[in-house]
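Just so it is clear, none of the values below were taken in a lab; they were calculated from the coordinates. The shown structure was predicted, so the numbers you read here are calculated from the model rather than taken from an experiment. Here the Cβ is made from the backbone with ideal geometry for all residues, glycine too, and neighbour counts use every protein chain on show.
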């Protein structure tokens with residue numbers, strides 16, 4: 001069973017020289033083992049280590065490779081370099097880049113002014129500037145077109161912000177947030193939205209922590225009560241914020257391929273734990289029902305990997321089909337949840353877990369407590385199914 005989990009995965013062709021360089025940098029500089037669902041730093045020392053780590057990735061040409069050369073990008077960048085980096089960081093269990101920072105970088109490069117790029121991009125590369133997303137609201141989560149938080153224009157050209165944002169990942173240690181706000185109160189849905197850069201230490205901005213069921217401080221509620229911004233904080237055109245914010249999602253199109261590797265690591269941990277516990281001299285791993293469930297989960301992981309590999313190949317060829325990204329997300333996140341759930345069932349039914357399997361048991365527990373967040377963030381599984389039904393299957397709307 002263990003040997004089958006360590007077999008070769010279907011993959012697209014990548015840059016072997018770049019992969020070797022990534023492995024070298026990670027082996028020498030990775031600060032600590034990352035935990036699923038515990039991405040934000042827990043102490044000042046850990047925060048300093050993470051900022052230094054991100055700077056190391058940029059300084060060694062591993063992050064920001066796709067940026068224009070004049071802003072620090074690499075002339076030898078290849079489309080799948082980000083996928084390679086994600087895979088190797090996952091294999092090494094090293095801290096991965098912050099999605100919100102990658103999105104902000106992409107948006108600034110595409111829509112920002114030269115002044116904004118000069119002001120913010122260098123700080124991203126040094127690890128000084130962490131960014132968060134001020135998108136979701138209590139009444140607008142997966143459906144961001146329902147944003148109601150406002151930015152009201154004043155005669156002197158400034159804007160006054162009001163409203164609430166929620167599920168703001170990393171907001172408590174970020175220096176800046178990219179906000180999607182309604183600037184035309186008469187507008188509805190996608191129209192009348194504008195993207196803003198919001199300094200997270202602005203007067204009138206309050207951050208309230210939200211603790212996950214895994215005991216981590218990942219998310220925050222953010223309240224905007226009279227926050228004043230200048231015209232230099234607007235990103236792109238006024239009223240075109242939907243296009244600006246959605247464009248940033250393009251920066252994540254290939255990294256999901258790396259995330260699928262987490263399924264392989266979870267399955268390996270599941271086999272470790274199931275092979276270490278049991279009753280009456282028989283381990284759980286050798287029970288027919290356990291083997292059947294693990295085999296089914298292995299099939300799900302292989303299906304997710306095969307689909308994502310095909311998705312990447314089609315995207316590179318400019319032949320991407322309808323709703324492929326939602327299909328990939330659904331396959332990955334649901335398989336992640338089911339694998340972690342079986343692991344936790346085995347752990348809770350067979351205590352204590354032997355010493356040699358406790359690290360694997362902790363990782364499975366972390367993954368399970370985090371897994372429901374994965375099926376919600378970036379669009380819930382229900383929303384993904386709706387998108388697939390409408391765009392891929394051409395099913396009629398229920399309205």
The Rg/Rh figure for the stretch 249-392, Cα atoms and Kirkwood Rh, to two decimals is 1.05
Once both label points are put 7 Å beyond Cα along the C-beta direction, the residue 299-residue 279 separation in nm becomes 2.8
Tilt, helix 324-349 to longest principal axis of the chain (alpha-carbon atoms), in degrees rounded to tens, equals 50
For 61-71, 234-244, ranked highest to lowest by mean beta-carbon neighbours within 10 Å, the order is 234-244, 61-71
Quarter of the surface of the C-alpha convex hull for the chain, i.e. direction-averaged projected area in nm², equals 21.3
The exposure ranking of 154, 362, fewest beta-carbon neighbours within 10 Å first, is 154, 362
Output row, site residue 287, 7 Å Cα→C-beta label point, backbone N cut-off 19 Å, window the stretch 333-351, residues 338-351
Here Rg/Rh (Cα, Kirkwood) for the stretch 8-70 equals 1.04
Along principal axes, largest first, the alpha-carbon spread of the stretch 131-239 in whole Å comes out as 45, 27, 21
Between residue 228 and residue 55, Cβ-based FRET efficiency (R0 35 Å, step 0.05) works out to 0.65
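Given 37 °C and 0.692 mPa s, how large is the Stokes-Einstein diffusion coefficient of the stretch 29-101 in µm²/s, with Rh as the Kirkwood radius over Cα pairs?
Using the Kirkwood radius from Cα pairs, D works out to 251 µm²/s.
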Nearest 10, in degrees from 0 to 90: the angle of helix 99-111 to the longest Cα principal axis of the chain is 40
The extension gain from residue 359 to residue 153, computed as 0.36 nm times the residue separation minus the Cα-Cα distance, is 68.8 nm
Computed over the chain: longest principal axis from alpha-carbon atoms vs helix 81-91 long axis, angle to nearest 10 degrees, is 50
Extend 7 Å from the Cα of residue 213 along its Cα-to-C-beta direction; within the stretch 322-340, residues with backbone N under 19 Å of that point are 333-340
Taking 0.36 nm per residue of separation between residue 28 and residue 394 and subtracting their Cα-Cα distance, the length gained on full extension comes to 126.7 nm
Neighbour-count ranking for 184, 366 (other C-beta within 10 angstrom, fewest to most) reads 184, 366
Binned at 5 Å starting from 0, the alpha-carbon pair-distance distribution of the stretch 76-148 in whole percents comes out as 3, 13, 16, 18, 20, 16, 11, 3, 0
Label model pair residue 247, residue 160: point-to-point distance (7 angstrom along the Cα→beta-carbon line) in nm is 3.1
The extension gain from residue 349 to residue 44, computed as 0.36 nm times the residue separation minus the Cα-Cα distance, is 106.1 nm
Listing 339, 348 by rising number of other beta-carbon atoms within 10 angstrom, fewest first, gives 348, 339
